[in-house]
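Written below as structure tokens is the structure these notes are about.
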Amino acid sequence: ALASYVQRFYANRRIRLIYGAMRDKAVAEISGILFPLAEEAIVTAPHQARALAPETLREISDHPNLTIAADIEAALAIPTDADVTFVTGSLFLVAEARAAIIFSKR
């Protein structure tokens, strides 16, 4: 669904994807669908015991502009020229990103 949304509404835009997932999910399949849509990909892990290590995500992906970040705060702090950033994968990661963004605005 996210891939379709990006293709429909963000075609020809510079996209940054921040991605982190749990070990028991279809990571290779999902990253194979989403990563090609992004100019840059940042892999990280939510603060959960089941989280997949970002280093493992790097091994799975052949994205030419992939960066590893220790956590969502570090991922969000990486400078970018992207038009839009999508945070996806685990809902735990999305929740951490939301909290980090809201907290940083206070």
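If you check Ala82 against the conditions, is it in contact with an Asp or Glu (Cβ under 9 Å, 6 or more places away or on another chain) and small (Gly, Ala, Ser)? Taking the combined requirement at face value, the residue satisfies it.
Could you check region 30-45 and list, in sequence order, the residues that are under 20 Å from Pro79 (Cβ atoms), of a type outside the set (Ser, Thr, Tyr) and touching a residue at least 40 places away in the same chain (Cβ under 8 Å)? Listed by number, the residues that qualify are Ala38, Glu39, Glu40.
Results for (1) in contact with a helix residue (DSSP H, G or I) (Cβ under 8 Å, 6 or more places away or on another chain); (2) of a type outside the set (S, T, N, Q); (3) in contact (Cβ under 8 Å) with a residue 12 or more places away in the chain, shown as yes or no for each residue.
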| position | (1), (2), (3) |
| --- | --- |
| Lys25 | no, yes, yes |
| Ala28 | yes, yes, yes |
| His47 | yes, yes, yes |
| Ala53 | no, yes, no |
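Each reported figure results from applying straightforward, stated rules to the coordinates on display, with no laboratory input. Since the structure is predicted, the reported quantities are computational estimates derived from the model, not experimental observations. Neighbour counts are summed over all protein chains in view; Cβ atoms, including those assigned to glycine, are modelled from backbone coordinates with ideal geometry.
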